Structure formats: C-alpha cells, structure tokens
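Asks: The following block contains the structure, expressed as structure tokens.
The values are calculated or read from the model by the stated rules, or taken from the named source; none is laboratory data. Fair warning: this is a prediction, and the values are worked out from it, not measured in the lab. Because the Cβ atoms are built from the backbone with ideal geometry, glycine has one as well, and the counts that use them run over all protein chains shown.
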C-alpha cells in the first residue's frame with residue numbers, strides 16, 4: 001500500500017464527486033418526483049451489487065474502505081473525468097467526417113481509461129488488496145458505481161424527452177438500460193481490472209507478460225465498448241453489433257470471474273508471494 005496513492009485517490013474523488021453530484025441533482029430540476037424514484041432505484045441496485053459481491057471469496061476483508069473508494073471513483077471521479085474529455089473527442093470525430101464513431105470515441109475512450117485509472121489507484125491504496133484477482137472485483141465495483149449513476153442520469157433524459165409523461169420516460173429508460181446490455185460497465189471494467197490486477201501483483205511473471213496482460217485487457221475492454229457504441233445507419237447492423245459484442249463480452253467476463261473465484265477460494269496465504277501455490281498452479 002502506498003500512502004501517496006491513497007491520498008491522491010481521495011483527493012481526486014473529493015474534487016470530482018461534487019461535479020458528479022451536481023449533474024445528478026439536475027434530475028430534480030427536470031422531474032422532481034420521478035427523479036427521486038430514479039435515485040431510490042439507483043441506490044437499491046448499488047446496494048444489491050455490493051451485497052452480492054461481498055459474498056464472493058474475492059472480497060478482501062475488511063472491505064469498507066476499498067469498496068467505498070471503488071464505487072465512489074466509478075460514480076464520481078470516472079464520470080466527471082469522462083464528461084470533461086468527451087466533448088473534444090466527439091467534436092474531433094465529427095470534424096474528421098467519421099460521425100458513426102462519435103459516441104464510440106466520446107464514450108469508450110474516456111470512460112474506460114478513467115475507470116481503469118481508478119482500479120490502479122484503489123489496488124495500490126489498500127493493504128488488503130494484494131492478490132491478482134482483486135483487480136477483477138475492484139474493476140467490477142468501479143464499473144458498477146459508474147453504471148448506476150449513468151443510469152440515473154439517462155433516466156432524467158428519458159423523463160425530459162418523453163412526449164407525454166415524465167414517469168413513463170423515466171421507467172422506460174431504466175428498463176432499456178437494464179434489458180439492453182445489462183451490467184455493461186461492470187463487465188467492461190471487470191475485464192480490464194482482471195488484467196490490471198495480474199499486471200500489478202503477479203510477481204512471479206516477467207515484466208513483459210505483466211505489461212502485456214494489463215494493457216491487453218484494457219484494450220480489449222475498450223474495443224468492446226467502442227464497438228457497442230458505434231452508430232450504424234441500418235437497424236439490422238446495430239442489432240448484429242449488439243449481439244456480437246454480447247456474445248464476446250458476457251462469456252469472457254463469466255470465464256474470468258469463475259477463474260478469479262476459484263483462485264480466491266483456493267488461496268490460504270496471507271500475502272502474495274512468487275512461490276504461492278495457488279498462483280503457480282494457474283499460469
């Protein structure tokens with residue numbers, strides 16, 4: 001654990017979280033009562049996710065500090081950093097005449113790198129996070145915090161854009177976000193976090209292997225997000241795109257989750273060491 005990383009982590013969260021909360025409070029100006037219900041739904045999903053992940057053997061105890069930091073980075077720092085850098089990238093893609101990629105560059109690029117940065121900071125800030133598979137669960141929580149807040153913001157847009165009812169617009173947007181690509185951000189960042197965790201804590205591996213899996217996992221999650229956001233002209237192209245990304249992403253995150261779960265369950269050591277049997281048995 002590095003005190004410098006931990007202090008920097010909380011400073012960034014402290015600076016970014018008010019901006020994120022300001023955007024969130026905008027829901028009440030759009031539709032006060034639907035906005036309140038949307039926030040309640042969001043907090044319920046956030047609590048459910050934390051409860052379910054806390055049952056996993058990957059959950060490092062005590063989990064209060066690092067879990068809170070992960071969620072707050074996702075909902076606060078990552079959202080704010082992505083919002084600040086999204087507009088120049090979307091403008092650039094439009095200026096280059098590549099309008100179809102506008103949402104890909106404006107979404108996938110800043111969001112995935114902002115979330116991955118949080119995974120690095122959290123892993124290096126808490127003593128109980130010292131295993132490669134901790135990157136997977138930290139990434140999942142960072143992505144979950146990001147996703148819940150983004151769903152709340154999108155629900156406000158749904159309320160505003162619906163032609164007859166704020167309530168219908170809000171519930172329709174929540175339904176769309178939960179049915180069409182559920183847990184997207186959690187999956188994206190869990191995949192990236194899996195690689196980052198091995199890059200940081202797999203001390204028995206050579207540096208080039210650790211760098212490769214860390215960068216490779218992040219690039220893979222970025223490509224999935226980029227492809228998901230790409231705006232094709234034809235409906236059948238969009239549907240095909242969503243199906244293909246889902247067929248790649250969900251099996252990947254399930255496989256990595258099962259692997260991380262088994263490694264964590266079989267680990268009975270106090271701290272990671274190059275000779276840990278639970279690591280050397282899975283290369």
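Asks: All but one of (1) buried (at least 24 other Cβ atoms within 10 Å of the Cβ); (2) modelled with pLDDT of 90 or more hold for residue 156; which doesn't?
Replies: Among (1) buried (at least 24 other Cβ atoms within 10 Å of the Cβ); (2) modelled with pLDDT of 90 or more, the lone unmet condition for residue 156 is (2).
Asks: Residues in the range 231-245 that are in contact (Cβ under 8 Å) with a residue 12 or more places away in the chain, surrounded by 13 or more Cβ atoms within 10 Å (Cβ to Cβ) and more than 23 Å from residue 140 (Cα to Cα): how many?
Replies: Within the range 231-245, residues that are in contact (Cβ under 8 Å) with a residue 12 or more places away in the chain, surrounded by 13 or more Cβ atoms within 10 Å (Cβ to Cβ) and more than 23 Å from residue 140 (Cα to Cα) number 2.
Asks: Only one of these conditions is not met by residue 27: (1) modelled with pLDDT under 85; (2) surrounded by fewer than 18 Cβ atoms within 10 Å (Cβ to Cβ); (3) within 26 Å of residue 166 (Cα to Cα). Which number is it?
Replies: Exception for residue 27: condition (2).
Asks: Please enumerate the residues belonging to the range 246-257 that are free of Cβ contacts under 8 Å to residues at least 60 places away in the same chain and either assigned to a loop (DSSP other than H, G, I, E, B) or under 16 Å from residue 217 (Cβ atoms) (or both).
Replies: 248, 251, 254, 255 - these are the residues of the range 246-257 that are free of Cβ contacts under 8 Å to residues at least 60 places away in the same chain and either assigned to a loop (DSSP other than H, G, I, E, B) or under 16 Å from residue 217 (Cβ atoms) (or both).
Asks: For the range 51-72, how many residues are free of Cβ contacts under 8 Å to residues at least 40 places away in the same chain, closer than 22 Å to residue 7 by Cα and either crowded, with 22+ Cβ neighbours inside 10 Å or under 17 Å from the mean Cα position of the chain (by Cα) (or both)?
Replies: Result for the range 51-72: 1.
Asks: Is one or more of the residues making up the range 26-39 in a loop (DSSP other than H, G, I, E, B), within 25 Å of residue 267 (Cα to Cα), touching a residue at least 40 places away in the same chain (Cβ under 8 Å) and in contact with a helix residue (DSSP H, G or I) (Cβ under 7 Å, 6 or more places away or on another chain)?
Replies: no
Asks: With respect to residue 231, determine if the residue is at pLDDT below 95 and either in contact with a helix residue (DSSP H, G or I) (Cβ under 7 Å, 6 or more places away or on another chain) or assigned to a loop (DSSP other than H, G, I, E, B) (or both).
Replies: Criteria met by residue 231.
Asks: Same structure, new question: Given the structure, is residue 226 closer than 14 Å to residue 112 by Cβ and under 13 Å from the mean Cα position of the chain (by Cα)?
Replies: no
Asks: On to the next question. For the range 1-14: of the residues being surrounded by 12 or more Cβ atoms within 10 Å (Cβ to Cβ) and free of Cβ contacts under 8 Å to residues at least 60 places away in the same chain, which is farthest from residue 160 (Cα to Cα)?
Replies: 10
Asks: Looking at the structure I just gave you, is residue 104 at pLDDT below 95, in contact with a helix residue (DSSP H, G or I) (Cβ under 6 Å, 6 or more places away or on another chain) and more than 25 Å from residue 174 (Cβ to Cβ)?
Replies: The answer is no for residue 104.
Asks: Here are 216, 193, 257, 197: which of them is in contact with a helix residue (DSSP H, G or I) (Cβ under 8 Å, 6 or more places away or on another chain), within 28 Å of residue 67 (Cβ to Cβ) and loosely packed, with under 15 Cβ neighbours inside 10 Å?
Replies: 216
Asks: If we only count helices (runs of 4 or more DSSP H) wholly inside the range 120-208, which ones have 3 or more residues that are free of Cβ contacts under 8 Å to residues at least 40 places away in the same chain?
Replies: Counting at least 3 such residues, we get 134-161, 166-179.
Asks: Condition first: touching a residue at least 12 places away in the same chain (Cβ under 8 Å), over 24 Å from residue 44 (Cα atoms), within 19 Å of the chain's Cα centre (by Cα) and part of a helix (DSSP H, G or I). Can you find one or more residues in the range 87-102 that meet it?
Replies: no
Asks: Look at residue 47 and say whether it is in a helix (DSSP H, G or I), under 18 Å from the mean Cα position of the chain (by Cα) and exposed (fewer than 12 other Cβ atoms within 10 Å of the Cβ).
Replies: Yes: the conditions hold for residue 47.
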